[in-house]
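Asks: Right, I'll just put the structure down here and ask away after.
The values are calculated or read from the model by the stated rules, or taken from the named source; none is laboratory data. All values derive from a computational prediction rather than experimental measurement. Glycine also receives a Cβ, built like all others from the backbone with ideal geometry; neighbour counts cover every protein chain displayed.
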Amino acid sequence: MSRTRTASQNDARAIINKLAIYTLTVALFGMLLLPIYWLVVTSFKPLEDIFVVPPQFWPKNFTFKNYLAQSDPRLVQFFVNSLIVSVSSAVASTFAGALCAYAISRFQFRNKNALLLFFLAAMAFPVPLLMITMYGTFLKLGLLDTYAALILGTTATGLPLSVWLITNFINQIPVDMEEAALLDGASPFKVLIHVVLPMIRPGLAASAIFVFITSWNEIIMGLTFVSSPELRTLPAGITLTFLGEFEGDWSEMMALAVLVTLPVFVLFALTQKAVLKGMTAGALK
Amino acid sequence: MYQIKRDFLFFLALVSPAILIVGVLIIYPVINGVYLSFTDASPLRRGALNFVGLENYTFLLEDNVFYASAFNTSYIVFISSALAIIIGFMMALLLHFGIKRGATVLRSLVFQIWVVPWICITLLWGWLFDTDYGLVNSLFTWVGLTETNMDLLFDQTGAKWVIIAGFTWRSIPFLMVIALAALQSVSKEVLEAATLDGARFFSRLWHIIIPMVRNVLLVALLLDSVRFFQEMTMPLVLTQGGPSNATMVLSLFTYKLAFENWDFALASTAGTLWLVFLMLIAWLLLKFGMKKEYGK
Amino acid sequence: MATIEIRDLSKNYGTLEVMSSINLPIEDGEFCVLVGPSGCGKSTLLRMIAGLEEVTSGSILIDGEDVTNQRPGERDLAMVFQSYALYPHKTVRDNLGFSLKMHRVEKREAVTRIETVAKTLGLELLLDRHPAQLSGGQRQRVAMGRAMVRNPSVFLFDEPLSNLDAKLRVQMRTEIRALHQRINATTVYVTHDQIEAMTMADRIIVMNGGTIEQSGPPLELFDNPANVFVAGFLGSPAINFLNGNVERGASGLVVELDEGTVLPLPNLTDAMEHTSITLGIRPHQLRRTADGPIKVQVKVVEPTGVETLVFGSFADKPIVCQFAGRDLPKPDEILNLTPEPGSTLLFDSKTGERL
């Protein structure tokens, strides 16, 4: 084949390339976003409209009724519970994680890499296995059936990730600024507060969001560590309460799913940039 | 900068909260878990623990459901990870090299999927894969892939693939974002040099881009697959491990042993085996998958 | 004002010894430059003085007080970093004022001091900017200002000019020197650039492999290097080394170079007879004479306007000469060169020590 091509051949190739790229982009991204679209669209349809063939890609009879049906006080309670547990564990895990990460990053000691590897491995420790002993511990401490059990459990499973992520983030920051601050007469704690903290915000954000999302998703601790229905978190509450009462009303179910997704969606949309920065610093290490 | 000798109090203040939490709620439970696997522990039984040697292990290693769980877990995690990394990397390539406008918006939009709660994915998947009115069946019949509606959730292989679809969908965004960041860190000049050397796009991809991003992707993939091993909302709520244990995964199996049968000993054994299995995979992956880092 | 005394200072990383038994007194008000190739331990020494690096054994005294185990903040010294180490989230004003805040200096007093320093360094208009909005040279000034604002008794500089372009570097060199002449604080300055060391120091300390090779005033070190390393390190273009043996010729002791050339030199002594010897000849101390014994084949000629550098080869080894004026030799031309009488440095080839 000749290696030289005419200008029109080049143009044709470029157009075909572009066409292929755009078709692939639309197909892949469309496929990925379609479930979300379907979730939202279904939640605005009256029940009878979702059982039609072929399916309606746009609601013919737009309705809010499915959302109004969610005004169940139990749901509000589950929401509040999830919020309490997720915020507490995100804060606790990020706080303890950041302190520990700072020590790992800025103190010299042997086996530092082994320690980091341990935290990485700890993310893989089977949670049900950990829960067996946690259950006994919480039982002894009288913490079963309280928020504390859920918060401690999710903080513990979130902590290795916080430590790992924030350590990698701090490692990327040159130590000079902190040394300058020490020479400027700041105590180690003041260095931490005045110099380090402002510089590692993205790392902290990434850690907090990670742990928040994992806790928001947590289901088996919610099913086992608490037994009172008024202490259940969303996943456990939905499974035990609403799915038990489910009778095929998918449009109401989708409205529920939208409501449960919305808080994390909004939170994440607002913090995505910082999370991305914190995460890539950690992951690209 | 700091010295443990000189700044000992500071060091102690920094590490003690984490050590306390990790020590009491992670290290002790793991060690205790391994210990319990050699006993007959159960909260239902009163009285002292009895040491039973390898009895739990021999029991589990003869249990078909345990083997099924190990197989299902590997099957689901392996296929989901492979699909997610391939599709995620492809999408990152499209965003980075393909489309000119809207890449940032698309990325942010897709990345949002990564935070959809598992319980919501479970509910949504139940609706999408509904036998009579699910969107998947409608689309499949419309395209002509199938003639009659599939009972996916009640089919041994189908149910696994429903879960695979959920895992893959949830983790593509994460891997895409990491891959995109890795691609952005590949020096433009290196690629330009390769272009001048006469390398076409696919040669550049194979010889330059992939070797430069593979370690990052591998670590991200490892992190993600480890989470797959833990994740059990979907098998627990959507399929309850069925039909006939087709979606029984290790996490669900262990959880049910512990908190439905209250057999802590057997559950600890399952958990320990699961841990050993995971460590083995991670070790193999790091040993043979990671290539040496070259200086930047 | 302060004196510094370093006694038997050693530093190990695990089993690796990076510095052994350094002894160094630094006088009050002295501008001391630590110079040496990378990895020679000069920065480590500076960081140990600052308290940023752990001391394995030995001690550091400031004004007679043992500070070896004190925190950096307790030592009353200020440091200018190579990277400048400005606090990225603080304005120039807050960067300058941070140490005053940490030392609880009264607000009005702090404002005055910040303004004085800003004026001295020409930073008045930049006080409300963040470091990211400054040029390299401006950042460098802020870093200096941050050190000055505290009136510390000791200034430490860690390669402060290496991130600046050549022109700015020369300018800052003079400014730092002028500043020192005005405030006269004890200063320890680390650099790998021997020109910086020569031009700025009251005293140069040449380090290599974790030990001090020689210390003294710049010209003293230039003219009387203690060994081959110091001779080779100071001076640009670098000194030429020729190897040979001391033998007795017809008219007394001569050096017989390895390739056969015989050089009569005035500063040979009887004790040197039959020893192998390294001659050090600085490029500007080679002269063109009709009967010059050193026959150099010209390779490359570099005129700088004031002087001419000639890179040639002698006995297949590179040699550099520096001539005043613009008499440019042609490539491949043979020059007959003679070392200036009495200028040649003699070293023992085996130990590298000066003879």
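Asks: Assuming residue B:102 fulfils every condition listed in (1) of a type outside the set (Asp, Glu); (2) surrounded by fewer than 19 Cβ atoms within 10 Å (Cβ to Cβ); (3) modelled with pLDDT of 90 or more apart from one, which condition is it?
Replies: The number of the failed condition is (3).
Asks: Which residues, counting only those in the stretch C:128-157, are crowded, with 18+ Cβ neighbours inside 10 Å and in a loop (DSSP other than H, G, I, E, B)?
Replies: C:134, C:149, C:150, C:152, C:153
Asks: Oh, and also: Report whether or not residue C:252 is farther than 30 Å from residue C:146 by Cβ, surrounded by fewer than 19 Cβ atoms within 10 Å (Cβ to Cβ) and within 15 Å of the chain's Cα centre (by Cα).
Replies: So residue C:252 fails the test.
Asks: List, please: which pairs have Cβ atoms under 9 Å, are six or more places apart or on different chains, and start with a residue in the stretch B:7-32 that is closer than 30 Å to residue C:74 by Cα and end with one that is of a type in the set (Val, Ile, Thr) and surrounded by fewer than 19 Cβ atoms within 10 Å (Cβ to Cβ)?
Replies: What qualifies is B:11/B:4.
Asks: Another question, then. Of a type outside the set (A, V, I, L, M), out of contact with any Cys (no Cβ under 7 Å at 6 or more places or on another chain), modelled with pLDDT under 90 and under 16 Å from residue C:189 (Cβ atoms): is that true of residue C:163 in this structure?
Replies: yes
Asks: Which ones in the stretch A:120-135 are within 8 Å of another protein chain (Cβ to nearest Cβ) and either charged (D, E, K, R) or assigned to a helix (DSSP H, G or I) (or both)?
Replies: Of the residues in the stretch A:120-135, the ones within 8 Å of another protein chain (Cβ to nearest Cβ) are A:121-135.
Within the stretch A:120-135, A:121, A:122, A:127, A:128, A:129, A:130, A:131, A:132, A:133, A:134, A:135 meet the criteria.
Asks: Here's another thing I want to ask about it. Every residue in the stretch C:308-327 that is charged (D, E, K, R) and assigned to a loop (DSSP other than H, G, I, E, B), please.
Replies: Listed by number, the residues that qualify are C:316, C:326, C:327.
Asks: Could you please find all residues in the stretch C:195-231 being within 12 Å of the chain's Cα centre (by Cα), buried (at least 22 other Cβ atoms within 10 Å of the Cβ) and assigned to a helix (DSSP H, G or I)?
Replies: Correct list: C:196, C:197, C:200, C:221, C:230.
Asks: On to the next question. Mind checking which residues of the stretch C:188-205 are among the acidic types (Asp, Glu) and over 15 Å from residue C:170 (Cα atoms)?
Replies: C:202
Asks: Now for a different question. With respect to residue B:258, is the statement that it is free of Cβ contacts under 8 Å to residues at least 60 places away in the same chain, more than 29 Å from residue B:116 (Cα to Cα), within 8 Å of chain A (Cβ to nearest Cβ) and touching a helix residue (DSSP H, G or I) at 6+ places or on another chain (Cβ under 8 Å) true?
Replies: So residue B:258 fails the test.
Asks: So which of A:166, A:151 ends up being more than 9 Å from every other protein chain (Cβ to nearest Cβ) and at pLDDT 95 or above? Steps first, answer last, please.
Replies: Working: A:166 fails: at pLDDT 95 or above.
Answer to the check: A:151.
Asks: Does the stretch C:255-274 hold any residues that are β-branched (Val, Ile, Thr) and exposed (fewer than 15 other Cβ atoms within 10 Å of the Cβ), and which are they?
Replies: Across the stretch C:255-274, the qualifying residues are C:262, C:269.
Asks: Determine which single condition residue C:58 fails, assuming it passes every other condition in (1) of a type outside the set (A, V, I, L, M); (2) more than 14 Å from chain A (Cβ to nearest Cβ); (3) more than 24 Å from the chain's Cα centre (by Cα); (4) assigned to a loop (DSSP other than H, G, I, E, B).
Replies: (4) is the only condition that residue C:58 fails.
Asks: Among C:253, C:219, which is in contact with a helix residue (DSSP H, G or I) (Cβ under 9 Å, 6 or more places away or on another chain), among the aliphatic types (A, V, I, L, M) and not assigned by TED's automatic domain parsing to the domain that holds residue C:310?
Replies: From the options C:253, C:219, the qualifying one is C:219.
Asks: Can you list the helices (runs of 4 or more DSSP H) lying wholly within the stretch A:201-251 that have 1 or more residues being over 21 Å from the mean Cα position of the chain (by Cα)?
Replies: Where helices (runs of 4 or more DSSP H) fall fully within the stretch A:201-251 and carry at least 1 residues being over 21 Å from the mean Cα position of the chain (by Cα), they are A:220-224.
Asks: A further question follows. Select from the stretch B:1-22 the residues that are within 7 Å of another protein chain (Cβ to nearest Cβ), assigned to a helix (DSSP H, G or I) and more than 16 Å from residue A:118 (Cβ to Cβ) and list them in ascending order.
Replies: B:10, B:11, B:14, B:17
Asks: Still on this structure: Filter the stretch A:24-53 down to the residues that are farther than 24 Å from residue B:166 by Cα and surrounded by fewer than 16 Cβ atoms within 10 Å (Cβ to Cβ) and list them by number.
Replies: A:46, A:47, A:48, A:52, A:53
Asks: Restricting attention to the stretch B:58-66, does a residue exist that is within 11 Å of chain A (Cβ to nearest Cβ) and under 24 Å from the mean Cα position of the chain (by Cα)?
Replies: no
Asks: While we're looking at this one, here's another question. Residues of the stretch C:89-127 being touching a residue at least 24 places away in the same chain (Cβ under 8 Å) and assigned to a loop (DSSP other than H, G, I, E, B), which ones?
Replies: Selection gives C:89, C:90, C:91, C:103, C:123, C:127.
Asks: Out of (1) part of a helix (DSSP H, G or I); (2) β-branched (Val, Ile, Thr); (3) under 30 Å from residue A:244 (Cβ atoms), what's the single condition that is false for residue A:104?
Replies: It is condition (3) that residue A:104 fails.
Asks: Just need a number here: residues in the stretch C:276-297 that are among the β-branched types (Val, Ile, Thr), surrounded by 14 or more Cβ atoms within 10 Å (Cβ to Cβ) and more than 19 Å from residue C:237 (Cα to Cα).
Replies: Adding up the residues that qualify gives 1.
Asks: Of everything in the stretch A:206-241 that's more than 10 Å from chain B (Cβ to nearest Cβ) and among the β-branched types (Val, Ile, Thr), which residue is surrounded by the most Cβ atoms within 10 Å (Cβ to Cβ)?
Replies: By that ranking, first place goes to A:211.
Asks: Then there's this: Tell me whether the stretch C:284-307 contains one or more residues that are within 30 Å of residue C:212 (Cα to Cα), of a type outside the set (Ser, Thr, Tyr) and not in a strand (DSSP E or B).
Replies: yes
Asks: Name the one entry in A:244, A:185 that is more than 14 Å from chain C (Cβ to nearest Cβ), more than 29 Å from residue B:177 (Cα to Cα) and free of Cβ contacts under 8 Å to residues at least 60 places away in the same chain.
Replies: A:244
Asks: Please return the ranges of helices (runs of 4 or more DSSP H) entirely within the stretch B:70-163 where 2 or more residues are more than 9 Å from chain A (Cβ to nearest Cβ). Outline the logic, then answer.
Replies: Working: elements: B:103-112, B:118-128, B:135-143.
Qualifying helices (runs of 4 or more DSSP H): B:103-112, B:135-143.
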